[in-house]
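Undergrad: Can you keep this structure in mind? I'll have questions shortly.
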There are 2 protein chains.
Amino acid sequence: MSELKFSDLVESVAPADKTALRVTVLGGGSFGTAMANTAVRNGCNTMIWIRDEAAAADINTSHINKRYLPDFQLEAGLRATSDLEEAVCNRDIIFVAIPSHSFRSVLEQIKPFITSQAVVSLTKGIEAKTFSFMSDIIREVLPEVPYGVLSGPNLAKEIVAGQPAGTVIASQSEMVRYAVQQALHSALFRVFASDDVNGVELGGALKNIYAVAMGMAAAYGVGENTKSMILTRALAEMSRFAVELGANPLTFLGLSGVGDLFATCSSPLSRNYQVGYALGSGKSLEQATQELGQTAEGINTIVQVKARSEELNVYMPITSALYNVIFEGAPPLSIALSLMKNGHRSDVEFVLPHQQA
Amino acid sequence: MSELKFSDLVESVAPADKTALRVTVLGGGSFGTAMANTAVRNGCNTMIWIRDEAAAADINTSHINKRYLPDFQLEAGLRATSDLEEAVCNRDIIFVAIPSHSFRSVLEQIKPFITSQAVVSLTKGIEAKTFSFMSDIIREVLPEVPYGVLSGPNLAKEIVAGQPAGTVIASQSEMVRYAVQQALHSALFRVFASDDVNGVELGGALKNIYAVAMGMAAAYGVGENTKSMILTRALAEMSRFAVELGANPLTFLGLSGVGDLFATCSSPLSRNYQVGYALGSGKSLEQATQELGQTAEGINTIVQVKARSEELNVYMPITSALYNVIFEGAPPLSIALSLMKNGHRSDVEFVLPHQQA
């Protein structure tokens, strides 16, 4: 990607235009690091909190995140710390880029240091036992803070390579939306605003289900017609489920909806796609997981969303069919049939009234 | 694709359940032929009109459309004719699968034979000189007929190969929607209904613009982040333009919108994608067209939509940037900049109010 010259067309931001926001990213994974680096470039006073003291010290001396972005030189102005109090006190925005299974525990640890900081989730996913989204956890643990969620088709390696990308900041608070745009929006990384927290967050959490389905279909060598139908039936399911939880269906037309779904379903290297491909080739979940060396997030999401959709009485034929294939021995071709089932006569929800065809 | 076994899971339609609709397809291209064959399988009395008498006779004896679907055995019940009066009189549905530049003239030829038939366009595109969509032409030439348009991600070769696919029939007339579903809906070809004629038709007509943009981006080796942004910014432009013409933005969440766009943008073999790739590699339109051996539909669409969007005062930065690259010598990277431009702060139209960012 070294021959790319997008940055040639972009003027650097003049110092006078830079904001002086104080920004912290909690978590030193690839996306958190990419966002912290973007904030430094935007003129923010930026800190990244990494639990491991040696890793934080190494970033401060080498300016490289050797574990997650080993090929990329970080801005010299990015300061890493393993001291949570230092990282959180007296800051404007706390971005939380912590995996969903540790998200709640980190918020509980920072609670004593929170005064008026905004808290913005960079994490996609669902907390396994509670079916909580990251915004739910923020509201539960830190009920007073202004908060938001950031989500979109954002592969960290492409962002640090300077390829044009966009994302969505969703918040009920205009102040949070504006501050996050100030901190992260730049000529090559566009930050759009939305007030639909549920819709934006659900896009990022649910897409993994459909990456499994797309991988399974690929094992059958399906063409563009079928892939397009998976994509649009996935959008119909996602928006149906999301509207039940209070989201705006139009959000799924944007980067955090169809944008992220498109990127995920077009990435044959993703774990979700690969587990789907293995299942579609006739392997069991145990075999597929063993080959991958780890569990794919999408599998857990299928279990959780299937249960929740039944509680809410939301029709999700692809998710149900995937569950039946993975856990109840149904043939993988059931996915194809789930696409063809009657049940809703309009291909877009909320356009024509639902009727049995 | 011969190892596919989707049809193994599908029960054939019992004769008693079959409809007795009388269906004609005008035009013997690959998609018209695929739809005619589908109608025969659905139990319709089906005729296909092909202007060339020898070609029609050949289909009646060989049951193969040698020019457009040479590898596929058609149903024996499909009858071809080159007699337009025979093809149109005393039928229930006339599907028109005639290229946009001849669409009007064929409608004018069948006008004397139209009594109460429904007329359904299978053609995607815009009439060059008038900026008319096919539904506009139907309304102008045959103002009394019930009509509809069919559009979706429907590669004919995949349909005849029996891969699962879906499409959308859009009509103001419930009777037309129902009849087309009866004629074409089957276990492997799902026909959804919509009442948004403008929205469905615009999806099929505008997508070619963005296939050019996607090809141009591919010449720069962009990754998934940028491709996803092109896709979603394209949807924003398309829906903005379409709403101005009276369409429902939610239509773009469906098969005829993002579904067709996804299929088109994922097909590196399409002419539109290839002309974009050539332009992105620094070639002129003349060079690119010469290499392809013919003009790509998307180029004409760019010219037409640019002019129309300016008349309507609709903001379409990708279309404008493509125009500037192709006709005014702007560098192809302008496309990337068009994605990053301010102008609308929400990434989905109609969610947050438009404001300058």
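The values are calculated or read from the model by the stated rules, or taken from the named source; none is laboratory data. Keep in mind that this is a model prediction, so the values were computed, not measured. With ideal geometry, Cβ positions are generated from the backbone for all residues, glycine too; neighbour counts draw on all protein chains shown. We work out accessible area using only protein heavy atoms, side chains counted, and drop any ligands, DNA or RNA first. Shrake-Rupley method; radii C 1.70, N 1.55, O 1.52, S 1.80 Å.
Undergrad: Using the charge dipole of chain A (Lys, Arg: +1 at Cβ; Asp, Glu: -1 at Cβ; taken about the Cα centre), state which of A:Gly27, A:Gly152, A:Ala54 has its Cα farthest towards the positive end.
TA: Comparing the listed Cα positions along the dipole, A:Gly152 ranks first.
Undergrad: How shielded is A:159-166 by partner chains, expressed as the average number of their Cβ atoms within 10 Å of its Cβ atoms?
TA: 6
Undergrad: Determine, for each peptide in A:331-338, A:106-113, the mean count of other beta carbons within 10 angstrom over its residues, then list the peptides with the highest first.
TA: Ranked from most to least packed, the peptides come out as A:331-338, A:106-113.
Undergrad: Right, another one. Could you tell me the relative contact order of segment B:199-340? Use alpha-carbon pairs under 8 Å, at least six residues apart, and round to a whole percent.
TA: 33 percent
Undergrad: Same structure, new question: At the nearest 100 Å², what buried accessible area, both sides summed, do you get for A and B when the probe is 1.4 Å?
TA: The contact between B and A buries close to 6100 Å².
Undergrad: Across peptide A:230-237, what mean number of C-beta atoms from other chains lies inside 10 Å of a residue's C-beta?
TA: 5
Undergrad: Further question: Taking beta carbons within 10 Å but only from partner chains, what does the mean come to for residues A:246-258?
TA: Partner-chain Cβ atoms within 10 Å, mean over residues of A:246-258: 6.
Undergrad: Among A:Ser266, A:Ser256, A:Ser102, determine the one that fluctuates most according to a GNM of chain A built with springs between C-alpha atoms less than 10 Å apart.
TA: A:Ser102
Undergrad: Sequence gap at least 6, Cα distance under 8 Å: using those rules, report the relative contact order of chain B to the nearest whole percent.
TA: Working: 668 pairs, mean separation 45.0, N = 357.
Reported as a whole number, the value is 13 percent.
Undergrad: Shifting gears a bit: Can you give the angle from 0 to 90° between the axis of helix B:317-328 and the longest principal axis of chain B, with both taken from C-alpha atoms, to the nearest 10?
TA: 80 degrees
Undergrad: Right, next: 7 Å from Cα along Cα→Cβ at both A:Ser284 and A:Glu244: what's the point-to-point distance in nm?
TA: 3.1 nm
Undergrad: Please give every one of the lysines within straight-line cross-link reach of A:Lys283, meaning a C-alpha to C-alpha distance under 18 Å, and leave out same-chain neighbours fewer than 8 residues apart.
TA: Reachable lysines: B:Lys5.
Undergrad: Please give the helix B:197-218 orientation as an angle from the longest Cα principal axis of chain B, in degrees from 0 to 90, rounded to the nearest 10.
TA: Approximately 50 degrees, to the nearest ten.
Undergrad: Here is a follow-up. Restricting attention to segment A:142-231, which GluC sites (Glu not before Pro) occupy a DSSP loop and are surrounded by at most 11 other Cβ atoms within 10 Å?
TA: A:Glu144
Undergrad: For chain B, which span is the longest to avoid every loop-located (per DSSP) member of trypsin sites (Lys or Arg not before Pro) having at most 13 other Cβ atoms inside 10 Å?
TA: Values: sites that count: B:Lys5, B:Lys18, B:Lys66, B:Lys129.
After excluding every exposed loop site, the longest remaining stretch is B:130-357.
Undergrad: Now for a separate question. Relative to the Cα centre, what is the charge dipole magnitude of segment A:172-331, using +1 at the beta carbon of each Lys and Arg, -1 at the beta carbon of each Asp and Glu, and rounding to the nearest 20 debye?
TA: Using only the charged Cβ atoms, the result is roughly 300 debye.
Undergrad: Can you grab the distance from the C-alpha centre of segment A:90-116 to the C-alpha centre of segment A:318-336, Å, no decimals?
TA: A separation of 38 Å, based on Cα centres.
Undergrad: Over segment A:199-340, give the accessible area per residue in Å² for a 1.4 Å probe, as an integer.
TA: I get 30 Å² per residue for segment A:199-340.
Undergrad: Another one. Using only the heavy atoms of the protein chains and a 1.4 Å probe, how would A:Tyr147, A:Tyr277 rank by accessible area, largest first?
TA: Descending order: A:Tyr277, A:Tyr147.
Undergrad: Expressed as a whole number of Å, what is the distance separating the alpha-carbon centroids of segment B:127-203 and segment A:214-242?
TA: 21 Å
Undergrad: Between copies, how far apart are the A:Glu328 label points? List them in nm, one decimal, shortest first, with each point 7 Å from Cα toward Cβ, please?
TA: Once sorted, the set of distances for A:Glu328 reads 5.9 nm.
Undergrad: Which of B:Val96, B:Val222, B:Val168 moves the most in a Gaussian network model of chain B with Cα springs under 10 Å?
TA: Of B:Val96, B:Val222, B:Val168, the Gaussian network model singles out B:Val222 as fluctuating most.
Undergrad: Specify which residue in the list B:Ala179, B:Pro143, B:Val168 is farthest towards the positive end of the charge dipole of segment B:125-181, using unit charges on the beta carbon of Lys, Arg (+1) and Asp, Glu (-1), about the Cα centre.
TA: Value: B:Val168.
Undergrad: List the distances, in nm to one decimal, from the label point of A:Ala76 to the label points of the same position in every other copy, shortest first, placing each label point 7 Å from Cα along the Cα-to-Cβ direction.
TA: 8.3
Undergrad: Quick check on chain B: helices-only [θ] at 222 nm, where DSSP H runs of length 4 and up contribute -39,500 (n - 2.57) each and the sum goes over total residues. Nearest 500, please.
TA: Roughly -14000 deg cm²/dmol at 222 nm, from the helical runs in chain B.
Undergrad: Moving on to the next point. Give, rounded to the nearest 20 debye, the magnitude of the charge dipole that the protein assembly as shown has about its Cα centre when Lys and Arg contribute +1 at Cβ and Asp and Glu contribute -1 at Cβ.
TA: I would put it at about 360 debye.
Undergrad: Further, regarding this structure: Where the label is 7 Å out from Cα toward Cβ, how close does A:Pro99 come to the same position in every other copy, in nm, shortest first?
TA: Taking the point 7 Å beyond Cα along Cα→Cβ, the inter-copy spacings are 5.7 nm.
Undergrad: Here's another thing I want to ask about it. In chain A, what % of DSSP beta bridges are antiparallel (nearest 5)? Don't jump to the answer; show the numbers that get you there.
TA: On the way: 7 of 32 bridges.
Restricted to chain A, the bridges split so that about 20 percent are antiparallel.
Undergrad: Another question about this same structure. With chain B treated as a Gaussian network of Cα nodes joined by springs under 10 Å, which of B:Pro317, B:Pro143, B:Pro268 yields the largest mean-square fluctuation?
TA: Checking each option, the largest mean-square fluctuation is seen for B:Pro143.
Undergrad: Past the 28 Å Cα-Cα mark, which pairs from B:Lys157/B:Lys341; A:Lys227/B:Lys306; A:Lys124/A:Lys227; A:Lys157/B:Lys306; A:Lys227/B:Lys124?
TA: Over 28 Å apart, Cα to Cα: B:Lys157/B:Lys341; A:Lys227/B:Lys306; A:Lys157/B:Lys306.
Undergrad: Between 0 and 90 degrees, rounded to the nearest ten: what's the tilt of helix A:174-184 against the longest Cα principal axis of chain A?
TA: 70 degrees
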